[in-house]
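Visitor: Got a structure for you, written out below as structure tokens; questions coming shortly.
The values are calculated or read from the model by the stated rules, or taken from the named source; none is laboratory data. These numbers come from a predicted model, not from an experiment. In this analysis, Cβ positions are derived from the backbone assuming ideal geometry, glycine residues included, and neighbour counts consider all displayed protein chains. Ligands, DNA and RNA are excluded from the accessible area calculation, which covers all protein heavy atoms including side chains. Shrake-Rupley method; radii C 1.70, N 1.55, O 1.52, S 1.80 Å.
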Amino acid sequence: MMVWDGVVACDLFLAGLGAGAFLLSIVAGWAPGGAKKVRLIGSIVGPVAVALGALTLMIDAKAGLGDPLRFFYLITNLGSPMTWGVLCLSFFIVISVISLIMQLCKKDVPRVLDVLGIVAAAGVATYTGVLLGYSVSYPLWNLAVLPFLFVCSAALTGFSFVSAVAYFVARDELQDLGFLPKVEAALPALVGLFLVVLLAVTATTGGDAGAVAAAATVQGMLAGSNALVFWLGAVICGIAVPLAAGIVRLRAARHEVTALSLVGYVAACVGGFALRYVIVVAAVGLSIGAAF
């Protein structure tokens with residue numbers, strides 16, 4: 001039995017951010033000129049964030065640091081979604097570290113390694129939503145739309161974190177990445193769309209017990225104890241601010257990266273954590289925990 005709380009939200013957030021950051025590093029590396037500084041930033045943030053997230057999960061699950069045998073059982077129990085999550089995280093860390101070492105050694109990263117990196121990043125970003133979905137007790141988690149929401153949010157937070165760092169050390173490269181203005185406007189919009197769909201589908205969940213749980217979940221997020229985190233964190237910081245900043249940059253003549261862009265990047269990261277926190281805590285408040 002494992003109790004899901006805010007600590008799990010840290011794992012989900014760090015894993016998603018790391019996956020998004022590494023994905024941006026690969027795409028930046030394929031851009032004309034290579035954007036080497038941006039690529040290096042993403043290549044460092046990716047494995048570090050995912051490794052910290054995995055460590056957080058181990059501590060929260062009491063599965064490794066205090067009980068090595070339990071952790072060994074976890075990584076060998078192929079019937080558990082957490083096992084596949086650990087394997088996915090491990091594969092990602094191996095690929096991303098190899099890529100980072102090659103860059104530090106001033107060597108070109110093979111295209112096949114980049115492709116494997118994209119697969120690994122997509123797997124980690126998707127796993128953060130699929131993991132919760134295996135808990136059928138909670139209507140908010142057990143929906144097919146949740147992985148899509150977390151994938152878009154992972155890309156938004158990862159791209160934003162790398163961009164925030166690059167704003168100070170590689171602004172010229174960041175501004176030369178022609179695809180970013182469109183992405184910065186599209187990703188918050190997609191997060192908002194999938195969040196609305198998630199809440200709408202949850203609110204209309206059928207069945208007596210499921211309907212009661214679903215209604216309580218949505219009410220708690222929109223107007224209950226989690227409303228402040230939802231509206232101020234997930235909606236305003238995570239969607240509205242980065243969307244506004246992205247649109248302003250997209251419509252600017254030279255697509256300049258400005259202080260407003262930096263505000264959008266920081267807000268997106270804050271909102272990405274708030275989104276995961278409120279989704280985890282809102283559901284956990286309806287029951288003692290979830291068993292895997």
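Visitor: Please report the base-10 log of the normalised intensity I(q)/I(0) for region 129-251, using a Debye sum with one equal scatterer per alpha carbon and no solvent, at each q in 0.13, 0.20 (1/Å).
Guide: The Debye formula, applied to the Cα set alone, gives -0.60, -1.10.
Visitor: From the C-alpha coordinates alone, can you work out the Kirkwood hydrodynamic radius of region 239-280, in Å? Mind showing how you got there, number by number?
Guide: Values: mean 1/r = 0.0929 Å⁻¹.
It works out to 10.8 Å.
Visitor: Specify whether the C-alpha gyration tensor of region 6-282 places it in the rounded, prolate or oblate class, a ≥ b ≥ c being the square roots of the eigenvalues: rounded for a/c under 1.5, otherwise prolate if a/b is larger than b/c and oblate if not. Show your work: numbers first, answer last.
Guide: Numbers: a/c = 2.23, a/b = 1.20, b/c = 1.85.
It comes out oblate by the Cα gyration axes.
Visitor: Sorted by packing (mean other beta-carbon atoms within 10 Å per residue), highest first, where do 173-180, 43-50 land? Working shown, then result.
Guide: On the way: 173-180: 18.0, 43-50: 24.4.
Listed from highest to lowest mean packing, they are 43-50, 173-180.
Visitor: How far apart, in nm, are the 7 Å Cα→Cβ label points at VAL97 and GLU256?
Guide: That separation, rounded to one decimal, is 4.3 nm.
Visitor: Over region 6-282, what is the relative contact order in whole percent, taking alpha-carbon pairs under 8 Å and six or more residues apart? Working shown, then result.
Guide: On the way: 433 pairs, mean separation 62.3, N = 277.
Once divided by the residue count of region 6-282, the mean separation gives 22 percent.
Visitor: Count the lysine pairs in region 6-282 that are 8 or more places apart or on different chains: how many have C-alpha atoms under 25 angstrom apart? Intermediate values should be presented prior to the final figure.
Guide: Values: LYS36/LYS106; LYS36/LYS107; LYS36/LYS182; LYS37/LYS106; LYS37/LYS107; LYS37/LYS182.
Lysine pair count for region 6-282: 6.
Visitor: Let me ask something else about it. Of the trypsin sites (Lys or Arg not before Pro) in region 98-194, which ones lie in a loop per DSSP and count no more than 11 other C-beta atoms within 10 Å? Numbers along the way, then the final one.
Guide: Working: sites: LYS106, LYS107, ARG111, ARG171, LYS182; in loops: LYS106, LYS107.
Of the trypsin sites (Lys or Arg not before Pro), the ones in loops of region 98-194 whose Cβ has at most 11 other Cβ atoms within 10 Å are LYS106, LYS107.
Visitor: While we're looking at this one, here's another question. Percent of accessible area on region 6-282 owned by carbon and sulfur, 1.4 Å probe?
Guide: On the way: 8810 of 11940 Å².
C and S fraction of accessible area: 74 percent.
Visitor: Moving to a separate point now. Roughly speaking, what is the stretch gain from LYS106 to VAL7, that is 0.36 nm per residue apart minus the C-alpha to C-alpha distance, in nm to one decimal? Working shown, then result.
Guide: Working: separation 99, 0.36 × 99 = 35.64 nm, distance 3.75 nm.
Between LYS106 and VAL7, full extension yields 31.9 nm more.
Visitor: Turning to a different aspect of this structure: Could you report region 6-282's accessible area per residue, 1.4 Å probe, as an integer in Å²? If you can, show how the numbers build up before the last one.
Guide: Values: 11940 Å² over 277 residues.
I get 43 Å² per residue for region 6-282.
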